[in-house]
Amino acid sequence: MTDRSLAALGFADVPARQPLCYPGRPVTSPALLTGGELWPLEPAEGRLGSWPVPGPDGHRVPLDTALARLGAPAAGARTPVVAVGSNASPGQLHHKLSRLDDRYAVPMVPVDITGIAVGASAHIGRHGYVASAPFTAPRQRTALVVSWLDAGQLAAVDATEYPNYRRVLLPGADFPMVLPSGERLGGAYLYTGVRGVLRDPDGTAPLPGGGDQSALLTRLLAASDRLRALLGPDPRSWVRRASADPAVREAGTRAFRDEGWALPQAGFGDGAGEAGDGAEGPPGACDYDALSFLR
């Protein structure tokens, strides 16, 4: 039997433990992540819960059947959440969810989404890296991983994103989302950065995010005397100093703003069920039929 462990498949890197590997390796085809293993999920016409997944015995069953055997909620009872950073990495998601339940199960599907591009958040995260954040790009089509999370998983991921991100609901009518099956998703949630995204130090456009973290930090250090004094001389010293001291992270984040690099985000959440500031957190899937398909 094929070894489906994350280590065997090359998905074992965890950015929370190895900051310079951020954002980790994302899935590039539909998969079911469960208990540190990754199983292929085959696109098919119809709702996600009907897509076939092979079990350990080699027999293909509908995803909802596989989830039921694991004691997990069906696909239709879950909330779809778009990842622009490390949540697209099975290794990072396993790190976040295995502490909650070592028998967790999460469908992960690359989805073509129009209207979103990936930038770099204008803050330094607690692990020392500069994480990704989305920004609106009306004509751009980007392949982003969508994970279907149950209520407990959603709360666990929310806890890792706040207070630097808030979760907003994206209607599929405004941000078209096409699954590998060709079906359109009615909507999904997205974490947007409350600090904005970084402007390219050499221009006015947002700095692309989600790529080589060492290259990103090297570029930022080269562009700012203040950052070199605080976090230099190189990416290794950056993540070492930043991860060790919240005051250093906040000083670096202020430097982004003072250098004029922080661009506010706009275009997310307008009329889309924006949430994230309330004590009860963002609404769940029951508030919006995010699994409805548009023909």
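The values are calculated or read from the model by the stated rules, or taken from the named source; none is laboratory data. All of these numbers come straight from a predicted model, not from anything done at the bench. Ideal geometry is used to build each Cβ from the backbone, glycine not excepted, and the neighbour counts take in all protein chains shown. These accessible areas exclude ligands, DNA and RNA; they are computed on the full protein's heavy atoms, side chains included. Shrake-Rupley method; radii C 1.70, N 1.55, O 1.52, S 1.80 Å.
For region 1-12, filtering for residues that are within 20 Å of S86 (Cβ to Cβ) and either in a loop (DSSP other than H, G, I, E, B) or open to solvent by 40 Å² or more (accessible area, probe 1.4 Å) (or both) leaves 5. Here A262 meets the list (1) modelled with pLDDT under 95; (2) among the small types (G, A, S); (3) open to solvent by 20 Å² or more (accessible area, probe 1.4 Å) almost entirely, failing just condition (1).
Taking region 64-83 as the range and being over 24 Å from A12 (Cβ atoms), surrounded by 17 or more Cβ atoms within 10 Å (Cβ to Cβ) and either under 19 Å from the mean Cα position of the chain (by Cα) or of a type in the set (G, A, S) (or both) as the test, the residues that pass are A74, A75, A77, R78, T79, P80. Going through (1) open to solvent by less than 50 Å² (accessible area, probe 1.4 Å); (2) in contact (Cβ under 8 Å) with a residue 12 or more places away in the chain one by one, V61 falls short only on (2). Among the residues of this structure, Y104 does not count as one that is touching a Phe, Trp or Tyr at 6+ places or on another chain (Cβ under 9 Å) and either at pLDDT below 95 or crowded, with 17+ Cβ neighbours inside 10 Å (or both).
Here are the criteria: (1) open to solvent by 10 Å² or more (accessible area, probe 1.4 Å); (2) within 27 Å of F256 (Cβ to Cβ); (3) assigned to a loop (DSSP other than H, G, I, E, B); (4) in contact with a strand residue (DSSP E or B) (Cβ under 8 Å, 6 or more places away or on another chain). Tell me which single one V130 does not satisfy. Only one criterion in (1) open to solvent by 10 Å² or more (accessible area, probe 1.4 Å); (2) within 27 Å of F256 (Cβ to Cβ); (3) assigned to a loop (DSSP other than H, G, I, E, B); (4) in contact with a strand residue (DSSP E or B) (Cβ under 8 Å, 6 or more places away or on another chain) is unmet by V130, namely (1). Scan region 169-199 for residues that are touching a Lys or Arg at 6+ places or on another chain (Cβ under 9 Å) and either open to solvent by 10 Å² or more (accessible area, probe 1.4 Å) or assigned to a strand (DSSP E or B) (or both) and jot them down. Within region 169-199, P176, M177, V178, E183, R184, Y189, L190, Y191, T192, G193, V194, R195 qualify. Would you call G58 under 28 Å from A173 (Cα atoms) and modelled with pLDDT under 95? Here the answer is no, as G58 does not meet what is asked.
Of everything listed in (1) assigned to a loop (DSSP other than H, G, I, E, B); (2) of a type in the set (D, E, K, R); (3) within 20 Å of L198 (Cα to Cα), the single unmet condition for R166 is (1).
Which condition from (1) under 23 Å from E250 (Cβ atoms); (2) assigned to a helix (DSSP H, G or I) is the one that Q153 breaks? Among (1) under 23 Å from E250 (Cβ atoms); (2) assigned to a helix (DSSP H, G or I), the lone unmet condition for Q153 is (1).
Return the only residue of R228, R249 being open to solvent by 60 Å² or more (accessible area, probe 1.4 Å), more than 26 Å from R141 (Cβ to Cβ) and outside any strand (DSSP E or B). Result of the check over R228, R249: R228.
Just one of (1) open to solvent by 70 Å² or more (accessible area, probe 1.4 Å); (2) part of a strand (DSSP E or B) fails for R219. It is (2).
Here G115 passes the criteria (1) out of contact with any Asp or Glu (no Cβ under 9 Å at 6 or more places or on another chain); (2) in contact (Cβ under 8 Å) with a residue 60 or more places away in the chain; (3) open to solvent by less than 30 Å² (accessible area, probe 1.4 Å) except the one numbered (1). The C-beta contact set for region 225-244 (first residue within 9 Å of P19 (Cβ to Cβ) and in contact (Cβ under 8 Å) with a residue 24 or more places away in the chain, second residue of a type outside the set (G, A, S) and open to solvent by 90 Å² or more (accessible area, probe 1.4 Å), distance under 8 angstrom, 6+ apart or interchain) comprises S243/R126. Just one residue in the set P30, P26, P52, P15 is under 27 Å from L216 (Cα atoms), open to solvent by less than 30 Å² (accessible area, probe 1.4 Å) and modelled with pLDDT of 95 or more; that residue is P15.
Filtered by the rule that a residue be open to solvent by 80 Å² or more (accessible area, probe 1.4 Å) and not charged (D, E, K, R), region 203-216 gives T204, P208.
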